[in-house]
Amino acid sequence: MHALRDAITSAHQVIRAEADALGASVIGATVVALMMANGHFVGLWAGDSRIYRLRNGLIEMLTTDHSSVAEYVLAGKMSWDEAEQHPQSNAITRAVGVGDVLELDKVRGEALAGDRFLVCSDGLTKYATFAMLQDILSSTPIETVVERLVQVALAGGGADNISVIVVDVQ
């Protein structure tokens with residue numbers, strides 16, 4: 001995990017240097033990473049890209065967005081699905097390349113046989129509700145699930161980068 005954290009920190013420094021060289025005030029990107037070994041997982045992230053876990057047919061968001069609207073969700077004022085439609089949904093508070101020091105959050109836990117993990121950008125979650133994700137992840141085989149999720153995002157408008165990785169635990 002230290003190597004992953006170091007690689008992301010290095011990318012942060014490279015992006016900051018490029019922004020300085022270009023005279024840009026800010027260049028940044030969200031990051032989300034999932035590592036799995038020996039029946040456990042660790043996720044690192046900054047921004048609004050996410051990790052979900054489907055276990056026994058129920059979906060759970062394992063990350064918490066670093067965004068302005070996340071505060072509303074955490075305060076119980078709206079759901080994550082509602083937050084995706086909020087006008088400030090793209091206003092992230094952390095990103096690789098932004099700020100002097102990169103602050104990554106971490107989540108860890110057990111990965112059980114039958115679990116399915118989804119690692120994705122907001123280019124998917126902007127168009128796919130929790131119910132849609134749960135249904136697709138529950139009913140679609142690993143061979144076609146990524147394509148199906150990308151199609152949902154494209155059908156919804158596909159106005160942002162769409163990154164989707166699905167991992168099944170055996």
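Helix screen, the chain: DSSP H segments with Cα axial length of 20 Å or more and mean Kyte-Doolittle hydropathy at least -0.5 are 2-22, 142-156. When shorter helices are ignored and each DSSP H run of at least 4 residues is given -39500 (n - 2.57), the per-residue value for the chain at 222 nm works out to -10500 deg cm²/dmol.
Under a 1.4 angstrom probe, counting protein chains only, how are Val98, Val73 ranked by accessible area, largest first?
Val98, Val73
Be a star and scan segment 10-40 for residues whose amide nitrogen sits under 11 Å from the point 7 Å along the Cα-to-Cβ vector of Glu103. Once the point is set 7 Å along Cα→Cβ of Glu103, nothing inside segment 10-40 turns out to lie under 11 Å by backbone N. Placing unit charges on the Cβ atoms of the charged side chains and taking the dipole of segment 48-170 about its Cα centre, the candidate lying farthest along the positive direction among Leu149, Asn161, Ile59 is Ile59. When only the Cβ of Lys, Arg, Asp and Glu is charged (+1, +1, -1, -1), the dipole of the chain relative to its Cα centre reaches about 220 debye.
Excluding Ala24 itself, what net charge comes from residues whose Cβ is under 14 Å from its Cβ, given Lys and Arg +1 and Asp and Glu -1?
-1
Rolling a 1.4 Å probe over the protein heavy atoms gives the chain an accessible area of 53 Å² per residue.
Quick one: pull the percent of accessible area on segment 53-109 belonging to carbon and sulfur, 1.4 Å probe, ligands and nucleic acids left out. Of all accessible area on segment 53-109, carbon and sulfur atoms account for 46 percent.
The values are calculated or read from the model by the stated rules, or taken from the named source; none is laboratory data. Just so we're clear, the structure is a prediction, and the values are computed from it rather than from any experiment. So basically every Cβ, Gly included, is an ideal-geometry build from the backbone, and we count neighbours across all protein chains shown. For the accessible areas, the whole protein counts, side chains as well, though only heavy atoms, and no ligand, DNA or RNA atoms are used. Shrake-Rupley method; radii C 1.70, N 1.55, O 1.52, S 1.80 Å.
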